[in-house]
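Have a look at the structure below before the remarks.
None of the figures in this text is laboratory data; all of them are computed from the coordinates on show. If you're wondering where the values come from, they're calculated on a predicted model, not measured in any experiment. Please note: Cβ atoms are built from the backbone with ideal geometry, for glycine as well, and neighbour counts cover all protein chains shown.
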Protein chains: 2
Amino acid sequence: MADPQPHSVGAVLAQRAGFLEPLILKAGKTLASYELVYETYGTLNAERSNAVLVCHALSGSHHVAGWYAEDPKKVGWWDNLIGPGKPIDTDRFFVIGVNNIGGCHGSTGPGSVDRATGQPYGAAFPLVTVEDWVASQARLMDRLGIGRLAAAIGGSLGGMQAMQWTLSYPDRIGHALVIAAASRLSTQNIAFNDVARQAIVSDPDFHGGNFYAHKAIPARGLKLARMLGHITYLSEDLLMEKFGRVLKRDEYGFNYDVEFEIESYLRYQGDKFAQVFDANTYLLMTKALDYFDPAKETGGDLARALSAAKAGFFVASFASDWRFPPERSREMVKALVASRKAVTYAEIDAPHGHDAFLLDNPHYHQLVAAYMDNVAREVGAGERRTALVLAATELAEMRGYGAGREGA
Amino acid sequence: MADPQPHSVGAVLAQRAGFLEPLILKAGKTLASYELVYETYGTLNAERSNAVLVCHALSGSHHVAGWYAEDPKKVGWWDNLIGPGKPIDTDRFFVIGVNNIGGCHGSTGPGSVDRATGQPYGAAFPLVTVEDWVASQARLMDRLGIGRLAAAIGGSLGGMQAMQWTLSYPDRIGHALVIAAASRLSTQNIAFNDVARQAIVSDPDFHGGNFYAHKAIPARGLKLARMLGHITYLSEDLLMEKFGRVLKRDEYGFNYDVEFEIESYLRYQGDKFAQVFDANTYLLMTKALDYFDPAKETGGDLARALSAAKAGFFVASFASDWRFPPERSREMVKALVASRKAVTYAEIDAPHGHDAFLLDNPHYHQLVAAYMDNVAREVGAGERRTALVLAATELAEMRGYGAGREGA
């Protein structure tokens, strides 16, 4: 059979690691034991210096790159960025994708059976934070024999985890790539999250979070949450360009059926999502987003909050992203610069809105490739086999963007 | 008893007009008869030339100014703009507020009893459009003996009605004041509306629109719709300034209760709204918004679509309004200028977002006052008794803003 996804890491297998040591969560509760599902691509070098952790966002998973032999269409969510010769080059790096605790793709989450009761956790599953995820990821790194990450990378909520790594384990991470993220949600972000949560919890099929026992899923609520999320992940201009005011039929129907293409698209996306995603996971992920705020302990002084970090930072934002706009990234960059960290900032002129971090964009990918090329050299991860697309001058220019390169 | 609302038109009484002549709706259906509830302030002059119609938006009503003797706290929604000596000066103008057909404040709507069945219309109530509203408003003007409006004014969906007046009845309106509106909704606007509608129709208490018979209200859906609407009516900066990330309690609760002040505020607003507003009206109003598009018949050529108008136009937008941003107003102004209409445009630097059109803002109110002062002089509506706040030079400057004054 021909490789269904060329230039890919190819067919991959998810792996599973069990942890019996209790995890004390920030919320005060304890997870007595848990399992993490993960995938790896590439080879850990002899020095164990070339590991790159990929952190996922709200609806992501451990399946970051490649495809499954039994389902070749199930391609990893960041396959365009990660693979042989790709910006995160699996010929040089050992890349790890992990499903976070509380997720619904195999790691222990609200839908998992609680050994103490023999029933799914449901509402009893504790709220987890970005800090908790990073702690659980560090344990997975221990298990894999990785003392120090060359880098952690993530977009959106994933970017928050990459940032948290530099604070929780400053000596265990070389670089954090924080993309389309923020050091904390804005009021508007929290407000949208709460509408999504209220949609789910007010769905009669939610059953207070214990819908598993009722053989139900709060599909109406999840659908609404996803529809709303989707609108905010795309730029207004892109929506206008992609859907405009195009009708589903020739003329206005003057009823409540689908009238415009955009309605059809959103309802379809919402229905699809509701069938595959766990409602409790959705709630928990949005809460983790709300809670993340490293400057909370320093009275809002982000520079001081970031002072413990020793990593180099790559921060990128997308001009059309209004959920995590460039302003929020610039706040991080300013704080990092004030805290004398090494930081490279890129503001990318992509039209897609927040979703741009997942999409193909030559400029964006070139910037990540160039940064990761430096990381590879730093950790002795071998030479790039494919030609680097970015000229040295462009790279220098990129470094000077916004914040320049200061500190170590 | 002292006047509870000084500088107000004072205690007002709603009036009711029945129309037995059928209204043929744009959707093809016919409303056999209907009633309109309205209020008037000020005195119609002998020439019947000083009438100003106020059109309401999604959740507005005929109660535009003043208060009710039996409930002095129930102040009209545009009382800050309309009254003696106010920008729309009831000492000079005869002002009419009317609840639109399909509404839930007294005019015939989905909650009204259908004479044909003796039951509330519910799902059987036909969809109505901006054009239909304007036609029904024109009949009310006939009834009041008003051949020609000095002006029609409205914000948001109300602005669309003011604009439609100039197209449906070019000889019956002198000026249209179109505030925080657009000549058609963007894709994103339609998308938000559809999420709101899906929230309502998927609420089990909606009963396909016939919830009256079930003695139920789809409160969960309406609450979600209102929460979402509220977020989009306010600017992100205002939300940040007003609520920030302030917690309801001292510390994170790590549960799904209210955590942040913004959640408390939105849930409260949503709950309150759900108890007083009709779900079918909400659906119908959002559809009227979606459908409005005068350039639909001219292949998107708005200038040509507006060519029938003879009125003068006052168009205003607010810099922080992202639901109906200045770009949308500028589109209208460009088309009006291209169509050689008299147009005055103001882009007002208010921080409140879309809701700014309802709020006190000296600059905004001065601009409306100055424009209406000209209208008053044009129709011989008497001299202003209070000093005009705007200097002549400022007014000239305003006229030059954006588009200048062209045409008649």
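Within 10 Å of each candidate Cβ there may be at most 12 other Cβ atoms; applying that plus a DSSP loop requirement, which trypsin sites (Lys or Arg not before Pro) in region B:85-186 survive?
B:ARG115
So how far apart, in nm, are the two label points at A:LYS29 and B:ASP237 if each is 7 Å from Cα heading toward Cβ?
Simple spin-label model gives 4.1 nm for this pair.
Only bridges with both residues in chain B count here: give the DSSP antiparallel percent, nearest 5.
Details: 15 of 43 bridges.
Of all bridge pairs located within chain B, approximately 35 percent are antiparallel.
What value, in deg cm²/dmol to 500, does the helix sum -39500 (n - 2.57) over DSSP H runs of n ≥ 4 give at 222 nm once divided by the residues of the protein assembly as shown?
-10500 deg cm²/dmol
In nm, what does the list of distances from A:LYS296 to its counterparts in the other copies look like, shortest first, when each label sits 7 Å along Cα to Cβ?
In nanometres, ordered from closest: 4.8.
Between A:HIS7 and A:ASP360, what length in nm is gained on full extension when 0.36 nm per residue of separation is reduced by their alpha carbon distance? Show your work: numbers first, answer last.
Working: separation 353, 0.36 × 353 = 127.08 nm, distance 1.43 nm.
Full extension from A:HIS7 to A:ASP360 adds 125.7 nm.
Using the alpha carbon gyration tensor of region B:1-113, what are the three equivalent-ellipsoid semi-axes (square root of 5 times each eigenvalue), largest first, in whole Å?
Square roots of five times the eigenvalues give 27, 17, 12 Å.
Taking the alpha-carbon centroid of each part, what is the distance from region B:290-358 to region A:315-335 in angstrom?
31 Å
Rule-of-thumb check for the protein assembly as shown: C-alpha Rg over 2.2 N^0.38 Å?
Expressed relative to 2.2 N^0.38 Å, the Cα Rg reads 1.05.
Beyond 36 Å, what share of the Cα-Cα pairs of chain A is found? Please give it as a whole percent.
Distances greater than 36 Å cover 23 percent of the Cα pairs.
Where the convex hull is taken over the Cα atoms of region B:47-195, what is its projected area averaged over directions, in nm²? Could the numbers behind the result be given before it?
On the way: hull surface 43.1 nm².
Quarter of the Cα hull surface area: 10.8 nm².
Report, in listed order, any pair from A:LYS272/B:LYS26; A:LYS29/A:LYS296; B:LYS29/B:LYS223; A:LYS215/A:LYS272; A:LYS215/B:LYS215 with a Cα-Cα distance greater than 24 Å.
A:LYS272/B:LYS26; B:LYS29/B:LYS223; A:LYS215/B:LYS215
Using a 7 Å offset from Cα along the direction of the beta-carbon, what are the separations from B:ARG330 to the same position in each other copy, nm, ascending?
Going from nearest to farthest copy, the values are 1.9 nm.
Let me check against my output: what whole-number percent is the relative contact order of chain B, with C-alpha pairs under 8 Å and at least 6 apart?
Result for chain B is 17 percent.
Count neighbours as other Cβ atoms within 10 Å of each site's Cβ, and list the GluC sites (Glu not before Pro) in region B:249-312 that are DSSP loop with at most 12 such neighbours.
B:GLU251
Mind checking which helices in chain A clear 30 Å along their axis (Cα) and have mean Kyte-Doolittle hydropathy of 1.0 or more, DSSP H runs only?
none
Work out the FRET efficiency for A:LEU20 and B:HIS214 from their Cβ-Cβ distance, taking R0 = 41 Å, and round it to the nearest 0.05.
Given R0 = 41 Å and the Cβ-Cβ separation, E is 0.20.
Can you pull the one-decimal nm distance between simple spin-label points at A:GLU327 and A:ARG115, each 7 Å off the Cα toward Cβ?
Once both label points are built, they end up 4.9 nm from each other.
Treating the point 7 Å from Cα along Cα-beta-carbon as the label, what are the nm separations from B:ASP360 to the other copies, to one decimal?
From this label point to the equivalent ones elsewhere in the assembly: 5.7 nm.
Taking 30 Å as R0, compute the FRET efficiency from the Cβ-Cβ separation of A:ALA123 and B:HIS207 and round it to 0.05. Each step should come with its number before you reach the end.
On the way: r = 29 Å, r/R0 = 0.96.
E between A:ALA123 and B:HIS207, to the nearest 0.05, is 0.55.
Out of every Cα-Cα pair in region B:135-291, what percent are more than 25 Å apart?
49 percent
Hand me the trypsin sites (Lys or Arg not before Pro) from region A:261-366 located in a DSSP loop with no more than 13 other Cβ atoms within 10 Å, in residue order please.
Filter output for region A:261-366: A:ARG340.
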